[in-house]
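Everything on this sheet refers to the single structure shown next.
The values are calculated or read from the model by the stated rules, or taken from the named source; none is laboratory data. Since the model is a prediction, treat every value here as computed from it, not as a measurement. Note that each Cβ is placed from the backbone with ideal geometry, even for glycine, and that neighbours are counted across all protein chains shown.
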Amino acid sequence: MDQSPMPPFNESGRLFYKMYRDLPLGAVLVDSSMTVISSNRRMCAYFGCGSGPEGLPLGKAVHCGNICGEFTSCGQAKACGGCGLRECAGRIISGEMPVSVNYTYCPENACGRKWFKVNGFRIEYVEAYAAMFFSDITEYEQREREMEKKLEFDYPTMALNKYGLKKSLVSIAGKKSSFSVCMVDFDNFKRINDLYGHVEGDRVLSAFAGIARESIRSGDILARYGGEEFVFVFMNTALDDAVKIVSRVQQELRKRFEQEFSQPVTFSAGIAHVSGKAKCAYSGEELIKIADGLLYEAKKNGKNQIVACGDECCESFTAKRAAAPRA
C-alpha cells in the first residue's frame, strides 16, 4: 500500500492526488538517477511493494531480474545496457515523446509471468522527472500466445504445421549442436485415397503421426509439411539412430494397415545430419531442401526407402549454392 503522506493541497489538489493514488494503472515518478520518488496503490499491488518503493532504484522497485544481491542500483549489471525500462525513463526525462515499452515481470516464488505496457511523460518541478504508467497486459499477451500456438499446429495429426516447423528450425539452425532433419513422403498415397476414400487417407496420416510421436523423444520435432509430407527433427541423435527410428516407424505403420488395405502403406524418407562439430551454417529452409533432395533419391531408388547423409550433404549443398549463378 502507498504510505506517502497526503500533501497539503487545497481541495482541488486533494481530488487530483486521490485520482493519482487510486488510478487503475500503476503510476510511478522517477528522477534522473532512476530512483523512485512516488508511486500509487496499483503500482504497489502489481509489484508487491508492501511499504511502497519510494527511495528504491527503479530496477529493484519492479523486481528486475538483472538486479542481483551484489548490484545495488539500476545500471550496474551488464544487462542493464539493453534495459528497455531504463531507456524509456531516460527518454521521457530528456523530453522525447511519445515513449512506450513492454516490460516482463517474473514474480518471485510464483508461477508464470506478467506483462506490462509502460508509457509516460516528462514532469518538471525544479528538476525533470519521468511520470511512468504501467498497464497490465498479461491477459492479452497470454491470449496472443495461445492463438500463436494454435497457428503452429496441424490439428488433424496434432503435429506442428509448416509455420511451427520453420519457427522451431530458426532456433535450431545456426547453433553448434548435432541434429538430423528428415523429410518423409508417403508412397502412392493418391491410390489410397482413390481406393478407400479421403477419410481413410486421413486416418492413415493420423496413425502415422501417432506412431511417430511414440517413437521420438520429447525434445524431437514432428511436423506436417503439407499434404502427406512430414518432417522429423532429431536433436542430439547420431545419424544411424535417426535411421533406426524412421525405419521403426515404417515397420509399425505397415503392420497397422496390412490387414485392412490390399496395398502396403509405405513412405520414403531423406535424412540430412549435421554433426555439430562446427556451428551450422545453414538456414532451416536450406536443411529442408537437403533432406528433400535425399527423399527424391529414395523415391528414385524404388520407394519405401531411406536415404541418409551426414555433413558431406551439407558441404555438397554449399558447393552447389556457391556455384549457382547469382541473380
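From PHE208, PHE234, grab the single residue that is assigned to a strand (DSSP E or B) and either modelled with pLDDT of 90 or more or under 29 Å from GLN263 (Cβ atoms) (or both). Answer to the check: PHE234. A search for C-beta distances below 7 Å between a residue of the range 287-311 that is assigned by TED's automatic domain parsing to the domain that holds LYS175 and any residue that is buried (at least 18 other Cβ atoms within 10 Å of the Cβ) and in a loop (DSSP other than H, G, I, E, B), counting only pairs 6+ apart in sequence or on different chains, returns LEU287/ALA173; ALA298/GLN305; LYS303/ASP187; ASN304/ASP187.
Read through the list (1) touching a Ser or Thr at 6+ places or on another chain (Cβ under 8 Å); (2) of a type in the set (A, V, I, L, M); (3) farther than 20 Å from SER171 by Cβ, then give the number of the only condition that VAL246 fails. Going through the list (1) touching a Ser or Thr at 6+ places or on another chain (Cβ under 8 Å); (2) of a type in the set (A, V, I, L, M); (3) farther than 20 Å from SER171 by Cβ, VAL246 breaks only (1). Filtered by the rule that a residue be of a type in the set (Phe, Trp, Tyr), closer than 26 Å to LEU294 by Cβ and assigned to a helix (DSSP H, G or I), the range 176-204 gives a lone residue, PHE189.
Residues that are in a loop (DSSP other than H, G, I, E, B), surrounded by 14 or more Cβ atoms within 10 Å (Cβ to Cβ) and modelled with pLDDT under 95 within the range 265-283 comprise SER275, GLY276, CYS280, TYR282, SER283, listed in sequence order.
This table checks each residue for (1) within 30 Å of LEU287 (Cα to Cα); (2) at pLDDT 85 or above; (3) surrounded by 12 or more Cβ atoms within 10 Å (Cβ to Cβ).
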residue: GLU127; (1), (2), (3): no, yes, no
residue: MET132; (1), (2), (3): no, yes, yes
residue: ILE137; (1), (2), (3): no, yes, yes
residue: GLU148; (1), (2), (3): yes, no, yes
residue: PHE153; (1), (2), (3): yes, yes, yes
residue: ALA159; (1), (2), (3): yes, yes, yes
residue: LYS167; (1), (2), (3): yes, yes, yes
residue: SER171; (1), (2), (3): yes, no, no
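Can you say whether LEU195 is under 15 Å from THR157 (Cβ atoms) and either outside the structural domain of LYS289 (by TED's automatic domain parsing) or more than 30 Å from the chain's Cα centre (by Cα) (or both), as far as the supplied structure shows? No, not satisfied. Among residues of the range 203-230 that are assigned by TED's automatic domain parsing to the domain that holds LEU165, those with a beta-carbon under 6 Å from a residue that is acidic (Asp, Glu) and part of a helix (DSSP H, G or I) at least six positions away or on a different chain give the pairs ILE211/GLU252.
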